[in-house]
1. Taking the residues in segment 38-70 that are more than 14 Å from the chain's Cα centre (by Cα) and basic (Lys, Arg) as candidates, determine which candidate is nearest to residue 23 (Cα to Cα).
2. Between residues in segment 29-46 that are touching a residue at least 12 places away in the same chain (Cβ under 8 Å) and residues that are part of a loop (DSSP other than H, G, I, E, B), which pairs lie under 8 Å by C-beta distance while being six or more apart or on different chains?
3. Would you please list the contacts, defined by Cβ atoms under 9 Å and residues six or more apart or on different chains, that run from a residue in segment 12-25 that is without any contact (Cβ under 8 Å) to a residue 60 or more places away in the chain and farther than 16 Å from residue 37 by Cβ to a residue that is exposed (fewer than 10 other Cβ atoms within 10 Å of the Cβ) and of a type in the set (Asp, Glu)?
4. Can you list the helices (runs of 4 or more DSSP H) lying wholly within the chain that have 2 or more residues being surrounded by fewer than 10 Cβ atoms within 10 Å (Cβ to Cβ) and of a type outside the set (A, V, I, L, M, F, W, C)?
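A short reminder: the numbers here are calculations on the coordinates, not readings from a lab. All values reported here derive from a predicted model rather than from experimental measurement. Methodologically, a virtual Cβ is constructed for each residue, glycine included, from the backbone with ideal geometry; neighbour enumeration extends over all protein chains shown.
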Amino acid sequence: MQKFSRGIAWLDTGTPESLLQAATFVQTIEERQVLKIACIEEVAWRSGFIDDNQFLELGKSLSKSAYGQYICNTIPLA
């Protein structure tokens with residue numbers, strides 16, 4: 001048996017109702033925390049796999065979307 005640490009949530013999405021509940025949960029967390037859940041570009045950047053310029057370029061390539069704007073607004077400007 002594996003015990004999850006604090007800050008981890010298990011979301012079972014096996015039914016349409018539980019899928020909707022999971023989506024609502026993710027939306028609520030993202031809105032309240034002003035963070036994206038599972039933003040792979042941000043994970044790569046914060047883990048040191050890509051540098052600031054690469055991260056910003058990825059954001060610019062998606063800048064017409066709210067997701068890309070989030071990336072562009074995440075990196076501190078020099």
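1. 64
2. Close Cβ pairs (under 8 Å, with a partner that is part of a loop (DSSP other than H, G, I, E, B)) amount to 41/50; 42/36; 45/51; 45/75.
3. 18/12
4. 16-33
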